[in-house]
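Below you'll find the structure, written out as structure tokens, and then a few comments.
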Amino acid sequence: MNAKTTTDSDGIACRFYSLGTMNSIRLYGCSERELLEDTVKRISEINDRMSAYQPESDISQINFHAGWKPAAISKETLRLLKTAKNFSAFTAGAFDITIRPLVTLWGINQKPQFIPEQQEISSALSLVNSDDLQLDEANGTAYLKKAGQAVDLGGIAKGYAADEAKRLLEESGVKSALINLGGNILTIGSRPDGTPWKIGVQNPAALRGEFLGMLSVQGQTVVTSGSNERFFVKDGVRYHHILDPHTGMPARSGLLSVTVVGADSMTADALSTAAFVLGMEKGIRLLKQMKAEAVFAAEDGRVYLTEGLIGQFEGSHLGHALNAGGLLK
Ligand code: AMP
Ligand code: MG
């Protein structure tokens with residue numbers, strides 16, 4: 001395990017790279033190194049199955065065999081694909097894991113400031129359709145109907161992995177912990193002194209580490225999708241990594257970020273991506289259906305909360321203008 005572990009009087013913590021990002025897990029009132037290592041291993045296993053960047057992963061196998069033949073994959077990946085596919089239907093296509101041809105075309109953070117031609121966007125867009133992902137549970141296979149189609153679990157896998165980590169830790173009796181998978185936060189219980197965790201909500205218009213405010217949570221998850229995560233600015237326009245499956249462009253819904261607060265991290269992960277694409281009004285409707293709450297940082301410079309978060313969010317930016325460099329136009 002390539003994790004860096006530290007033990008102190010509060011408990012044990014580690015930092016490790018997986019799922020394409022830096023992660024950390026901190027256990028309080030428990031210093032079982034082996035438990036922490038097993039948890040990291042479990043996350044690595046999920047990464048090895050679900051990464052679109054590892055040639056042997058289930059996802060790469062599906063993508064490689066697209067338009068050709070079904071790929072045999074693990075039960076676990078099949079289950080997550082089924083859930084992700086249902087999310088597409090549920091969000092009227094705002095969340096769509098067959099987005100990968102567009103993700104590859106734009107290459108945000110991979111290609112230097114590249115804006116594709118409309119015709120390239122249209123042809124990648126014609127491949128995006130979750131209905132073309134056929135899942136066969138009896139045979140343990142998944143199949144994409146058209147050559148060139150590809151799936152990408154980047155919008156949901158971190159949440160799923162966080163839920164798995166929490167499950168393992170709770171099964172071993174952990175009562176207080178903080179799981180942070182690349183900014184996707186999942187808490188167990190409360191802080192060791194019994195007070196709620198304070199989770200900072202990044203200001204999407206400012207540098208990393210500057211917060212819009214703090215959320216108080218106990219046992220909940222806090223997941224953000226933002227136009228400030230992977231992006232570049234060209235001619236005053238922010239081109240970022242959350243793509244609208246209906247236009248093929250970085251989503252422009254009047255938002256800079258959405259931070260979802262909920263019970264499970266997988267749902268919150270999918271919801272934050274979907275709500276970002278849908279915009280505030282439709283996003284709020286979706287969140288209500290899923291019993292989740294959110295903090296919206298809007299392009300108009302204001303911070304909006306869903307009702308359930310009133311009293312749970314302390315922020316100095318409420319109603320204040322964000323200095324949004326590189327607004328979406
Ligand atoms: P997140 O940060 O959870 O909102 O996920 C963003 C990542 O999910 C991107 O980097 C892509 O890999 C993928 N993605 C982008 N747009 C979408 C979308 N509309 N639906 C599902 N996944 C997406
Ligand atoms: Mg997400």
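Restrict the check to the range 126-144 and report whether at least one residue is buried (at least 20 other Cβ atoms within 10 Å of the Cβ), of a type in the set (S, T, N, Q), more than 16 Å from ligand 1 (Cβ to nearest atom) and in contact (Cβ under 8 Å) with a residue 12 or more places away in the chain. Scanning the range 126-144, I find no residue that is buried (at least 20 other Cβ atoms within 10 Å of the Cβ), of a type in the set (S, T, N, Q), more than 16 Å from ligand 1 (Cβ to nearest atom) and in contact (Cβ under 8 Å) with a residue 12 or more places away in the chain, so the answer is no. Using the structure shown, decide if L212 is more than 16 Å from ligand 1 (Cβ to nearest atom), in contact with a Gly (Cβ under 8 Å, 6 or more places away or on another chain) and either at pLDDT 95 or above or not in a helix (DSSP H, G or I) (or both). It is true that L212 is more than 16 Å from ligand 1 (Cβ to nearest atom), in contact with a Gly (Cβ under 8 Å, 6 or more places away or on another chain) and either at pLDDT 95 or above or not in a helix (DSSP H, G or I) (or both).
When the range 157-187 is limited to residues that are within 16 Å of ligand 2 (Cβ to nearest atom) and small (G, A, S), the one that is modelled with the lowest pLDDT turns out to be G183. Within the range 186-209, the set of residues being surrounded by fewer than 16 Cβ atoms within 10 Å (Cβ to Cβ), free of Cβ contacts under 8 Å to residues at least 24 places away in the same chain and in a loop (DSSP other than H, G, I, E, B) comprises D193, G194, T195, L207, R208, G209.
Of G219, G226, all but one fail to be more than 10 Å from ligand 1 (Cβ to nearest atom), closer than 15 Å to I199 by Cβ and touching a strand residue (DSSP E or B) at 6+ places or on another chain (Cβ under 9 Å); the exception is G219. Do we find a residue being within 16 Å of ligand 2 (Cβ to nearest atom) and modelled with pLDDT of 95 or more anywhere in the range 107-118? Within the range 107-118, not a single residue is within 16 Å of ligand 2 (Cβ to nearest atom) and modelled with pLDDT of 95 or more. Within the set A84, A94, the sole residue that is part of a loop (DSSP other than H, G, I, E, B), modelled with pLDDT of 95 or more and crowded, with 18+ Cβ neighbours inside 10 Å turns out to be A94. Looking only at residues in the range 61-81 that are among the basic types (K, R) and not in a loop (DSSP other than H, G, I, E, B), the one that is nearest to ligand 1 (Cβ to nearest atom) is R79. Can you tell me which residues in the range 114-146 are of a type outside the set (A, V, I, L, M, F, W, C), farther than 17 Å from G248 by Cα and in a loop (DSSP other than H, G, I, E, B)? If the condition is that a residue be of a type outside the set (A, V, I, L, M, F, W, C), farther than 17 Å from G248 by Cα and in a loop (DSSP other than H, G, I, E, B), then E137, N139, G140, K145, K146 are the ones that fit.
A count restricted to the range 276-294 and to residues that are touching a residue at least 60 places away in the same chain (Cβ under 8 Å) and within 19 Å of L181 (Cβ to Cβ) stands at 0. Restricting attention to the range 148-185 and to residues that are assigned to a helix (DSSP H, G or I) and among the charged types (D, E, K, R), the residue that is farthest from G11 (Cα to Cα) turns out to be K158. Only residues that are within 16 Å of ligand 2 (Cβ to nearest atom), within 22 Å of K85 (Cα to Cα) and of a type in the set (V, I, T) were counted across the range 274-306, and they come to 1. Of the residues making up the range 262-312, those that are part of a loop (DSSP other than H, G, I, E, B) and either of a type in the set (A, V, I, L, M) or more than 16 Å from ligand 1 (Cβ to nearest atom) (or both) number 12.
The values are calculated or read from the model by the stated rules, or taken from the named source; none is laboratory data. None of the values given here were measured: they were computed from a predicted structure. Backbone-built Cβ (ideal geometry, glycine too); neighbour counts: all protein chains shown.
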